[in-house]
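The values are calculated or read from the model by the stated rules, or taken from the named source; none is laboratory data. Everything numeric in this text was worked out from a predicted model, so none of it was measured. Positions of Cβ are backbone-derived with ideal geometry, glycine not excepted, and every protein chain shown enters the neighbour counts. Heads up: the accessible areas ignore ligands, DNA and RNA and are worked out on the full protein's heavy atoms, side chains in. Shrake-Rupley method; radii C 1.70, N 1.55, O 1.52, S 1.80 Å.
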Amino acid sequence: MTAAADRVSSFSASVMRLLESIEYRRIDNADDLEDVARIRYKAFSMVGLAPQNGSLLIDELDFKPNAHVMGIFFDEQLVSTIRVHHVTGAQRDSVAVAHFPDVMNPLLDAGKTFIDPVRFAADPEIMREYPALPYLTLRVATMATVYFDVDYCLSVIKPNHRAFYKRVFQSIELTEPRYFERYNSNIELHAANAEELKRTLFNRFAFFRSQPHERRMMFAPRETLGQTPLTILPTARYALQQSN
């Protein structure tokens, strides 16, 4: 094993240990959404993106039929959140489509499908203590990519996050960066090929693995589950054991 591979293996093992203290929850009631808004405000304030009107921290896209808002809990405390949209020709509600319609709509017209993970927010104090928290939050996006069997997992990001998404997810740019006044910054649209993710990502970072029943509890329609799960325990370690 090379030194670089050894570092990746050591990092993956440490994140896997942290994952054992994590729970995921579907956010589907007003109280939970208020907690999500507070986390978003804390996170976005740190980077100058928090709106003056606090109500904008929960927007109409949170309630679209193809939206899945997830909370990540550590020791029963909400520490991060992410929203994913399953974007298809029939359901185009997403940030990527809204910001880059000239790029996304032709791809959707051609039958391509996407996961669009946005509204990533983590408690800044918790993230300082546990810098691996973004990986465990973005794990939701990788599970959605597998569950919905899409072609690409998108990233709508600021330029300073480009290196992370290219390194971890092998994302490529779909168009030139564009300036958005609301962010006071250029915004980029990247995409990771789903088949490439399945082929390489789960071998490089075992904590991204999951079992089918975990993905089902995350994303299956409520009417098919019978009862929405109160909490969802990660299955990465069991998925890794099954693969060996």
At 4 °C and 1.567 mPa s, grab the translational diffusion coefficient of the chain from Stokes-Einstein with a Kirkwood Rh over Cα pairs, rounded to a whole number in µm² per second. 70 µm²/s
Hey, any idea what Rg/Rh is for region 128-239, computing Rh the Kirkwood way over Cα pairs? 1.02
Run the simple label-point estimate for ARG38 and THR175 please: 7 Å along Cα→C-beta, distance reported in nm. 3.8 nm
Quick shape summary for region 129-185, equivalent ellipsoid via Cα gyration tensor, semi-axes whole Å in descending order, reads 22, 17, 11
To the nearest 0.05, what FRET efficiency results for ALA30 and ALA220 with a Förster distance of 22 Å applied to their C-beta separation? 0.50
When the Karplus curve 6.51 cos²θ - 1.76 cosθ + 1.60 is applied with θ = phi - 60°, which whole-Hz ³J(HN,Hα) does each residue of region 184-191 get, with x for Gly and Pro? 6, 6, 5, 10, 10, 10, 10, 9
Percent of accessible area on region 118-244 owned by carbon and sulfur, 1.4 Å probe? 50 percent
Stretch GLN77-ASN105 to full length: gain in nm at 0.36 nm per residue minus the Cα-Cα span? 6.2 nm
Taking the chain, how many lysine pairs are there with alpha carbons less than 23 Å apart, if each pair must be eight or more places apart or span two chains? 6
Cα radius of gyration and Dmax for region 80-144 (Å): 14.3, 44
Stretched fully, the stretch from GLN227 through ALA13 gains (0.36 nm per residue minus C-alpha distance, one decimal, in nm) 73.7 nm
Suppose the chain between TYR238 and GLN211 were pulled fully straight at 0.36 nm per residue; how much longer would it get relative to their current alpha carbon spacing? 9.0 nm
Taking a spot 7 Å from the Cα of PHE63 along the direction of its beta carbon, which residues of region 82-118 have an amide N less than 17 Å from it? 93-94
From the Cα centre of region 91-163 to that of region 204-244, the distance in Å is 19 Å
Please list, in order along region 214-227, the HN-Hα scalar couplings obtained from phi with the Karplus expression 6.51 cos²θ - 1.76 cosθ + 1.60 (θ = phi - 60°), rounded to whole Hz, x for Gly and Pro. 5, 5, 5, 5, 5, 10, 5, x, 4, 5, 7, 7, x, 9
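What FRET efficiency, computed as 1/(1 + (r/R0)^6) with R0 = 30 Å and r the Cβ-Cβ distance, is obtained for SER21 and ARG199, rounded to the nearest 0.05?
0.55
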What do you get for GluC sites (Glu not before Pro) in region 130-198 restricted to DSSP loop and a cutoff of at most 15 other Cβ within 10 Å of the site's Cβ? GLU181
Need one number: the % of Cα-Cα pairs in region 48-170 sitting beyond the 18 Å mark. 56 percent
